[in-house]
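**Q** Okay, handing you the structure first.
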């Protein structure tokens with residue numbers, strides 16, 4: 001066998017093998033997409049300080065906020081939220097401008113003391129003087145369907 005042919009064949013074979021390895025690596029699943037939402041919430045809660053949109057949140061310091069909440073109109077049912085999930089009016093979710101996605105918050109209507117636990121999965125509301133948009137089922141439980149808005153207190157649960 002010609003030594004020059006053998007050398008070219010070896011290089012060709014190595015190139016084919018490396019191409020296959022690169023192709024397989026490109027098809028693998030990234031671990032960040034395989035974590036459950038519970039693991040994501042735990043990874044957020046294990047950080048001592050989180051900064052989002054210039055606002056710093058500290059684990060040792062409980063976060064609460066008082067303001068007005070409204071609820072999503074029916075036309076948003078089935079549409080994608082900011083985190084990529086679909087909004088469904090019968091699921092207990094909410095939109096907040098800066099809290100991390102998957103944060104659980106206790107929302108209390110200050111006029112009737114009714115409360116619900118919601119998961120942040122969207123951004124908003126983008127209306128002045130409002131701090132939260134809640135799903136329709138949450139609005140029903142809070143008693144804000146008739147008025148459309150209500151004064152609430154938000155407390156981070158997890």
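The values are calculated or read from the model by the stated rules, or taken from the named source; none is laboratory data. Just so we're clear, the structure is a prediction, and the values are computed from it rather than from any experiment. Cβ: placed from backbone, ideal geometry, glycine included. Neighbour counts: every protein chain shown.
**Q** Being closer than 14 Å to residue 140 by Cβ, surrounded by 18 or more Cβ atoms within 10 Å (Cβ to Cβ) and either in contact with a helix residue (DSSP H, G or I) (Cβ under 6 Å, 6 or more places away or on another chain) or modelled with pLDDT of 95 or more (or both): is that true of residue 89 here?
**A** yes
**Q** Let me ask something else about it. Checking residue 74 against (1) at pLDDT below 90; (2) touching a helix residue (DSSP H, G or I) at 6+ places or on another chain (Cβ under 9 Å); (3) surrounded by 15 or more Cβ atoms within 10 Å (Cβ to Cβ), which test does it fail?
**A** Residue 74 satisfies every listed condition except (3).
**Q** Could you look through segment 105-133, keep only residues that are outside any loop (DSSP other than H, G, I, E, B) and in contact with a helix residue (DSSP H, G or I) (Cβ under 7 Å, 6 or more places away or on another chain), and pick out the one that is surrounded by the most Cβ atoms within 10 Å (Cβ to Cβ)? Full working, then the answer.
**A** Of all residues in segment 105-133, those outside any loop (DSSP other than H, G, I, E, B) come to 105-109, 115-122, 130-133.
After this cut, where a residue has to be in contact with a helix residue (DSSP H, G or I) (Cβ under 7 Å, 6 or more places away or on another chain) as well, the list is 107, 109, 116, 118.
On the way: 107: 24, 109: 19, 116: 20, 118: 27.
Among those that are outside any loop (DSSP other than H, G, I, E, B) and in contact with a helix residue (DSSP H, G or I) (Cβ under 7 Å, 6 or more places away or on another chain), it is 118.
**Q** Can you confirm whether residue 58 is within 17 Å of residue 157 (Cβ to Cβ) and modelled with pLDDT under 95? Quick ask: steps written out before the conclusion?
**A** Working: within 17 Å of residue 157 (Cβ to Cβ): yes; modelled with pLDDT under 95: yes.
The answer is yes for residue 58.
**Q** When you look at residue 26, is it modelled with pLDDT of 55 or more and more than 30 Å from residue 143 (Cβ to Cβ), yes or no? Spell out the reasoning first.
**A** Details: modelled with pLDDT of 55 or more: yes; more than 30 Å from residue 143 (Cβ to Cβ): yes.
So residue 26 passes the test.
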